[in-house]
1. Can you order the peptides 294-307, 72-85 by their average number of other Cβ atoms within 10 Å per residue, highest first?
2. Normalising by the residue count of the chain, find the relative contact order in percent from Cα pairs under 8 Å and 6+ residues apart.
3. Sort the following peptides by mean Cβ neighbour count (other Cβ atoms within 10 Å, averaged over residues), highest first: 241-248, 98-105, 131-138.
4. Cross-link list K236/K373; K83/K103; K21/K346: which exceed 22 angstrom alpha carbon to alpha carbon?
5. Rounded to the nearest 20 Debye, what is the dipole magnitude of the chain about its Cα centre when Lys and Arg each give +1 and Asp and Glu each give -1 at the C-beta?
6. Between 0 and 90 degrees, rounded to the nearest ten: what's the tilt of helix 222-235 against the longest Cα principal axis of the chain?
7. Take every DSSP beta bridge whose two residues both sit in the chain, then give the antiparallel share in percent to the nearest 5.
8. Given the -39500 (n - 2.57) contribution per DSSP H run of 4+ residues, what per-residue ellipticity at 222 nm results for the chain, rounded to the nearest 500 deg cm²/dmol?
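Coordinate-derived values only; no laboratory data. Computed from a prediction, not measured in an experiment: that's the story for all the values here. Every residue, glycine as well, gets a Cβ built from its backbone with ideal geometry; the counts of neighbours run over all protein chains shown.
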Amino acid sequence: MKTLEPPYSLQELLLVLWRKKWLILLTTILGIVLGYVISTQMKPKYEATTEILIETDKSDNLLYTQNMMETYREVLTSSALIKKVNEQGNFDLTTNEYNEQVKITMINTSQLITITAKADNELEPVKLVNKIATVFKKELTNYSKINTALVLNPATQSTSNQDSTFNELVSILIGGVIGLLLAICYCLLREIYSTKVDTETNVQRLNVPLLAKVTKKDSAQQWLYHIAALIQGEVKLGKKTVLLLNSAKEKSGYLQQLSQLLAQHKQVVVLKQIEGNAHFVKTNEGEPDAFIYSTATPFSALQQKYNELEQQYDIVLVETSQLDSAETMLVASNQTQFIYCVDAKKTTLKQAKSILKKVVQLKMHRLGIVIAK
């Protein structure tokens, strides 16, 4: 299995769990509910026991009696006895069902036979063991002339092998623990073996700074202020062009907002492509100037316009959806800042590594990555 780089610290794993706390909570609750449902469906088993003492009329027949005990066990489980128990006790047990429900126990060198029956119904095992003992007592005379059976302890009530309250609590606890463990394992494994550029740790594998993680609900736009400050710092070093590779769903929003922030302190121009036949039409969208062009615009004309804008403005913002584009070829140099806006649901680590490798080959300055969720 592929080694993970960099290794995950305990703090990082705990942060993963904290981010997924609602999923973990809901899964735990679901486990508790399932545990409760299962506990209500579990039927308790009831059992009853009676004891039979095999008597002999003479002490010198004791050895004979002990030798016959195994025979008596066979009699108690024979189909003939089962048939009579069914007829006299109004049961409908097959031989397999009888052997599953009834247990015959004998102690070595003893003349005591213990009969135990189990059933879902509270009264059935009591009725069953008593009927077996009665039938066996009558049938014994057919197998031995010197032995008789004495029922020592007729069953009067059955006992349950389950405490319903206790088992309900245990089932709920087990369900909750299983739900919690499954949720934790899912969250951690999904994080550790994720192939998407969707977390800070995965961005670290790309060896580039994470500029921001944004969602549709983000309204404060503090991340844009942060990026604007970084861009202005690089502009002071002569890097006047900013190329935004945007693979996220919203193609224009980030560029427009970023240009407006930068225009508060610098002369900013936006160069962007649209469908149609426009050639460098100046628009009035927002505060910064913007020039639009189409796919039909010749590359030589595009290059000439870019050179003019670079001379006239402090910052030139260019957005593209593909790295292998005319825009990239136009601005690629060591004086260009590169920002990569990735789609957290679609962009894979392999794709991001390939793009960033090309950026290095084009000698652009990698400012960082923005994760759009």
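1. Working: 294-307: 13.1, 72-85: 16.2.
The peptides rank, most packed first, as 72-85, 294-307.
2. Details: 589 pairs, mean separation 71.6, N = 373.
This gives 19 percent for the chain.
3. Working: 241-248: 23.5, 98-105: 16.1, 131-138: 19.4.
Highest-to-lowest ranking by the protection proxy: 241-248, 131-138, 98-105.
4. Values: K236/K373 32 Å; K83/K103 17 Å; K21/K346 24 Å.
Over 22 Å Cα-Cα: K236/K373; K21/K346.
5. Working: 41 positive and 36 negative charges, 273 e Å.
For this selection, approximately 1320 debye.
6. 40 degrees
7. Around 45 percent antiparallel, to the nearest 5.
8. Working: 13 runs with 172 residues, N = 373.
One gets -14500 deg cm²/dmol as the mean residue ellipticity at 222 nm.
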